[in-house]
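J.: Sharing a structure, written as structure tokens. Questions coming.
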Amino acid sequence: MTAYTYIVRCADGTLYTGWTDDIEKRIAAHNSGHGAKYTRTRLPVTLVHVEQFDTKEAAMSREWHIKRLTRAQKLALVDKENETTYNK
């Protein structure tokens with residue numbers, strides 16, 4: 001089973017981290033108001049970072065670790081991914 005850890009940027013600029021086994025469906029759920037309670041009042045959300053794993057346990061572990069980062073560290077993670085994407 002493939003699983004993903006993701007970070008979305010909410011409309012108010014805050015970041016939310018979660019995990020899922022279907023990234024497109026999960027982002028759609030967030031944006032329809034059926035995602036996490038945290039994101040319901042901060043719509044729309046935009047996917048800014050995603051990591052892929054072989055198991056849900058690995059994705060959940062990575063989510064736990066990301067949630068313990070400071071905002072600055074999370075933004076650096078997002079910026080690093082965007083830098084990699086644009087430098088291909």
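The values are calculated or read from the model by the stated rules, or taken from the named source; none is laboratory data. Please read all numbers here as calculations on a predicted model, not as lab measurements. Every residue, glycine as well, gets a Cβ built from its backbone with ideal geometry; the counts of neighbours run over all protein chains shown. Surface accessibility is based on the protein's heavy atoms, side chains included, excluding ligands, DNA and RNA. Shrake-Rupley method; radii C 1.70, N 1.55, O 1.52, S 1.80 Å.
J.: If you put +1 on each Lys and Arg Cβ and -1 on each Asp and Glu Cβ, how big is the dipole of region 1-46 around its Cα centre, in Debye rounded to 20?
T.: 180 debye
J.: In square angstrom, what is the accessible area per residue of the chain with a 1.4 angstrom probe?
T.: For the chain, the per-residue accessible area is 64 Å².
J.: Take the solvent-accessible surface of the protein heavy atoms, probe 1.4 Å, and return the percent of it on the chain that carbon and sulfur atoms account for.
T.: That fraction is 52 percent.
J.: A further question on this structure: Sorted by packing (mean other beta-carbon atoms within 10 Å per residue), highest first, where do 45-58, 15-28 land?
T.: Highest to lowest by the protection proxy: 15-28, 45-58.
J.: Under a point spin-label approximation (7 Å from Cα along Cα-to-Cβ), what is the LYS56-GLU24 distance to one decimal in nm?
T.: 2.1 nm
J.: Calculate, in nm to one decimal, what HIS65 and ALA36 gain on full extension: separation in residues at 0.36 nm each, minus their alpha carbon distance.
T.: Difference between extended and current length: 8.6 nm.
J.: Might you report the magnitude of the Cβ-based charge dipole of the chain about its Cα centre, with Lys and Arg at +1 and Asp and Glu at -1, to the nearest 20 debye?
T.: Using Cβ point charges on Lys, Arg, Asp and Glu, the chain gives about 380 debye.
J.: Place +1 on the Cβ of every Lys and Arg and -1 on the Cβ of every Asp and Glu in the chain, take the dipole about the Cα centre, and give the residue among GLY35, THR14, TYR4 whose Cα lies farthest towards its positive end.
T.: The Cα lying farthest towards the positive end belongs to THR14.
J.: Next up: Could you compute how fast the chain diffuses translationally, taking Rh as the Kirkwood radius over C-alpha pairs and applying Stokes-Einstein at 37 °C with viscosity 0.692 mPa s? Give it in µm² per second.
T.: Translational D for this selection: 249 µm²/s.
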